[in-house]
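A.B. asks: Can you keep this structure in mind? I'll have questions shortly.
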Amino acid sequence: MASKIKKGDRVMVLAGKDKGREGAVSKVFPKEGRVLVSGVNMVQRHTRPTQFDPQGGIKNKEAPLHVSNVALVDSKGKPTRVGFRMDGDKKVRFAKTTGEVING
């Protein structure tokens, strides 16, 4: 089945501590049903010093969000649901709010 959210899509967070924030999808985990959005859902990771990182310390990194908590942003900047339709002989994604085809 085709994925409604893909890498590079501009999405808005619908729920959680970062509700309302936007970012680009940097990675998709289809088996877990999660997406990694750049600059959103930052968590702190405490690392001990290693040979590669002698300093160690507290590092900030992005944590994955469940795909149900994000929505694609349409051309007007509003969150939208995604649908599928046949465009000739090709299956394409489109925004439900505007009806525009989503490239990608």
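The values are calculated or read from the model by the stated rules, or taken from the named source; none is laboratory data. Just so you know, these numbers come straight off a predicted model, no measurement behind them. Cβ sites come from the backbone with ideal geometry, for glycine too, and all protein chains shown count toward neighbours. With ligands, DNA and RNA removed, areas are computed over all heavy atoms of the protein, side chains included. Shrake-Rupley method; radii C 1.70, N 1.55, O 1.52, S 1.80 Å.
A.B. asks: So, restricting to strands (runs of 3 or more DSSP E) that lie completely within the chain, which ones have at least 3 residues that are open to solvent by 90 Å² or more (accessible area, probe 1.4 Å) and not acidic (D, E)? Spell out the reasoning first.
C.D. replies: Values: elements: 10-13, 22-29, 34-37, 42-47, 57-62, 70-73, 82-87, 90-95.
Passing ranges, in order: 42-47, 57-62.
A.B. asks: Still on this structure: Under 8 Å between Cβ atoms, which residue pairs at least 6 apart in sequence (or on different chains) link something in region 1-29 that is in contact (Cβ under 8 Å) with a residue 60 or more places away in the chain with a partner that is β-branched (V, I, T) and open to solvent by 40 Å² or more (accessible area, probe 1.4 Å)?
C.D. replies: What qualifies is K4/V67; I5/V28; I5/V67; K6/V28.
A.B. asks: E62 - would you say it is touching a residue at least 12 places away in the same chain (Cβ under 8 Å), touching a Pro at 6+ places or on another chain (Cβ under 9 Å) and farther than 22 Å from F94 by Cβ?
C.D. replies: Numbers: touching a residue at least 12 places away in the same chain (Cβ under 8 Å): yes; touching a Pro at 6+ places or on another chain (Cβ under 9 Å): no; farther than 22 Å from F94 by Cβ: yes.
No; evaluated as a whole, the condition is false for this residue.
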